[in-house]
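Have a look at the structure below before the remarks.
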Amino acid sequence: MRLLLDAASQDKDLTADDVAERYPWPESGKWVRAMMVTTLDGAAVGPDGLSKSVTSAADQVVFNAVRRFADVVLVGAQTVRAEQYTPMTAKPEDAVRRAEAGQTPAPVIAVVTGSLELPWELPVWSGSTHRPIVLTHEGAVPERLARAREHADVLTLPVLSPDQIIDALVARGLRRIVTEGGPTLLRELIAADLVDEADITLSPGFSGTANSPATAMLSEVRGFRLEQVLEQDGFLMTRHLRAGAER
């Protein structure tokens, strides 16, 4: 992997640890970063409906680097269903650094769902180091709510809105937040001006957008400034900060 562009305009090969250093988290305060991959024609998934078919080994290095020192991975229910999420487990090599930062041994997965129709058979619920979180609204179906509580810590919010979702996570001490989609959740967070950083991978191919969820137009374009570009095998892993955001 080569570093094509950053503030220092360096050009060098990077190890996995180097990549993690290129995606730093602030020492204090809330920070929300979004991760997604997109093809040259703007698709979020391949013909199979999965992001894995448009990603690469290099993109996965960045994906894992961002997760390493996050507090929580925030995703929508459809993303969990489609991508078949696996358990979030502690990594021995990160134990000391996470402990020194006052973090739990592993990131927590938090799933946003209004319906509470989730794939409870997936091992992400029982195999994660920390009990997952499910965020839903106060009007959730009682029977589904009871089942969800068998598998996760359930947070019922007055309204399942972006600000209440983020506030609920921060209230639990989960201030380093990475959202991995899907596009609808990302759109809502962007519309609420809650995303501080966007880590976007450009996949060098065309897929067609029929299987990528359409999202509503924003009232205005939300601007981000380019901070960094990594390249490997034609994939461009870019890092952008929201206009006005300072790490």
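Coordinate-derived values only; no laboratory data. This one's a predicted model, so the numbers in the text were calculated from it and none came from an experiment. Quick reminder, even Gly has a Cβ in these numbers, built from the backbone with ideal geometry, and neighbours come from all protein chains shown.
Shape analysis of the stretch 61-130 places it in the prolate category; the axes a ≥ b ≥ c from the Cα gyration tensor give an a/c of at least 1.5, with a/b above b/c. Largest GNM mean-square fluctuation among ALA191, ALA43, ALA210, using the chain with Cα springs under 10 Å: ALA210. Give, as ranges by residue number, the residues of the stretch 97-129 whose backbone N falls under 17 Å from the point 7 Å along Cα→Cβ of GLU21. Answer for this model: 97-98.
Using only alpha carbons, build the gyration tensor for the chain and give me the equivalent ellipsoid semi-axes, biggest first, whole Å.
Value: 28, 21, 18 Å, ordered largest first.
How much of the DSSP bridge set in the chain is antiparallel, in percent, rounded to the nearest 5? Counting DSSP beta bridges with both partners in the chain, the antiparallel share is about 40 percent. Over the stretch 93-239, Cα pairs under 8 Å with separation of 6+ residues give a relative contact order of 15 percent. Charge dipole of the chain (Cα centre as origin; +1 on each Lys and Arg Cβ, -1 on each Asp and Glu Cβ, all else neutral): 360 debye, rounded to the nearest 20.
What the pair-distance distribution of the stretch 1-148 shows, using all Cα-Cα distances binned every 10 Å from zero, is 9, 33, 35, 19, 4, 1 percent. Scanning residues 5 or more positions from ALA140 or on other chains, none has an amide H under 5 Å from its amide H, with H placed 1.01 Å from N in the peptide plane. Take the Cα of THR104, step 7 Å toward its Cβ, do the same at GLN164, and the gap between the two points is 2.2 nm.
GNM on the chain, alpha-carbon springs under 10 angstrom: the most fluctuating residue among ARG149, ARG187, ARG176 is ARG149. In percent, rounded to a whole number, the relative contact order of the chain is 29, using alpha-carbon pairs under 8 Å and six or more apart. Length available on full extension from VAL229 to MET217: 0.36 nm per residue minus the Cα-Cα distance, which gives 1.6 nm. Volume of the convex hull of the stretch 102-201 (Cα atoms only), normalised per residue: 119 Å³.
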